[in-house]
Amino acid sequence: TASLNTLGKMLKIPPPMRIEAFDISNTSGFASVGSMVVYEKGKPKRNDYRKFKIKSVSGPDDYACMHEVLTRRFQHGLDEREEMMNDENSVGEDFGSFTKFPDLILMDGGRGQVNIALQVLSELGIQIPVCGMVKDDNHRTRGLYYTNEELPIDTHSEGFKLITRIQDEAHRFAIEFHRSLRSKTQVHSILDDIEGIGEKRRKALLRRFKSVENIKEATLEELAGTESMNQKSAETVYRFFHKEV
């Protein structure tokens, strides 16, 4: 497509048929997650998207989180490739999406993020072009950081539009995953604080009411009528959410 040709010419590489973009999302370092989105021939390949819960980093350190995500992604790919080579029966099979390496890696950031990616690739002995999306003061992409220089990009070009779409998608995917983790943690901790309400009753309440907010707004009769609940446990839950009133 025109957008891939534009991008290839700009970076002096063949049109990148497979592009992977990575992003990190967290709230002040809490529940940090990483996202990997994949575009093939200029279109999202959602089956190949991946989510990463950060395991080795505590606190808000996006560079360390990105180092972990990229190391896990490409080490996994190398391991799968080796397994495929050792398994005679798997010749010709697509052993897993991680075995396919991208023609271009897009980082949501400039020099710092690009250097993290290049460091990981160097540690693993892999060569893939890495490009950073440099933003202006309004957090909009103004150019690409590639081979130690910032390349200006025509904001009306098809290449720019593709990069923006990929960047937005990486953000969306990371934030969506982070929100889902955060809400699960919050649900767990709030219901956990209700003395005398065990896991079975917590699950029953969530099954029926779908969210903590709905449980909070339920009447005493609705709580008592929930599976596994009785009048006493219903009163306990009701009092817990209405004690400030």
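Descriptive notes on the structure:
- Taking amide H positions as modeled 1.01 Å from N, with prolines and chain starts lacking one, the residues under 5 Å from M107 and 5 or more places away or on another chain are C131, G132, M133.
- Neighbour count of at most 13 Cβ within 10 Å plus DSSP loop: longest GluC sites (Glu not before Pro)-free window in the chain: 94-194
- The D136 and K9 beta-carbon pair, evaluated with R₀ = 22 Å, returns a calculated FRET efficiency of approximately 0.40.
- Residue-averaged [θ]222 nm for the chain, counting only DSSP H segments that reach four residues, each worth -39500 (n - 2.57): -15500 deg cm²/dmol
- Vicinal HN-Hα couplings computed from phi for region 7-17 (Karplus, 6.51 cos²θ - 1.76 cosθ + 1.60; Hz; Gly/Pro x): 5, x, 4, 4, 8, 6, 10, x, x, x, 5
- Taking the charge dipole of the chain about its Cα centre, with +1 at Lys and Arg Cβ atoms and -1 at Asp and Glu Cβ atoms, the residue from F98, S122, S32 reaching farthest to the positive side is S32.
- Exposure rank, largest accessible area first [K12, K53; 1.4 Å]: K12, K53
- Distant-in-sequence amide H partners of G143 (H built 1.01 Å from N, under 5 Å): V134
- Carbon/sulfur fraction of accessible area - the chain, other protein chains in place, 1.4 Å, %: 49 percent
- Contour excess over end-to-end distance, with Cα ends at K203 and E176 and 0.36 nm allotted per residue: 7.4 nm
- Per-residue HN-Hα couplings for region 72-79 [Karplus 6.51, -1.76, 1.60; θ = phi - 60°; Hz; x = Gly/Pro]: 5, 4, 7, 5, 4, x, 5, 4
- Close amide-amide hydrogen proximity is noted between S157 and no other residue 5 or more places distant or on a separate chain, at a cut-off under 5 Å (H modeled in the peptide plane; Pro and chain starts excluded).
- Residue-normalised accessible area of region 99-245, expressed per residue, 1.4 Å probe, Å²: 57 Å²
- Contour minus Cα-Cα distance for E158 and L220 (0.36 nm per residue): 16.5 nm
- Only one of [x] 1, 6, 12, 14, 13, 11, 9, 8, 7, 7, 6, 4, 2, 0, 0; [y] 1, 6, 9, 11, 10, 8, 7, 6, 6, 6, 5, 5, 5, 5, 4, 3, 2, 1, 0, 0; [z] 1, 6, 12, 16, 17, 16, 13, 9, 6, 3, 1, 0 was calculated from the structure for P(r) over Cα pairs in 5 Å bins from 0, in percent, and its label is [x].
- For region 209-220, Karplus couplings with θ = phi - 60° (6.51, -1.76, 1.60), whole Hz, Gly/Pro x: 9, 6, 8, 4, 4, 5, 5, 4, 8, 5, 7, 4
- Estimated at 0.36 nm per residue, the fully extended path between K41 and H76 surpasses their Cα-Cα distance by 10.2 nm.
- Modelled FRET efficiency - R0 41 Å, E83 with D61, Cβ distances, 0.05 increments: 0.80
The values are calculated or read from the model by the stated rules, or taken from the named source; none is laboratory data. Just so you know, these numbers come straight off a predicted model, no measurement behind them. Every residue, glycine among them, receives a Cβ derived from its backbone with ideal geometry; neighbour counts consider all protein chains shown. Only protein heavy atoms, including side chains, enter the accessible area calculation; ligands, DNA and RNA are left aside. Shrake-Rupley method; radii C 1.70, N 1.55, O 1.52, S 1.80 Å.
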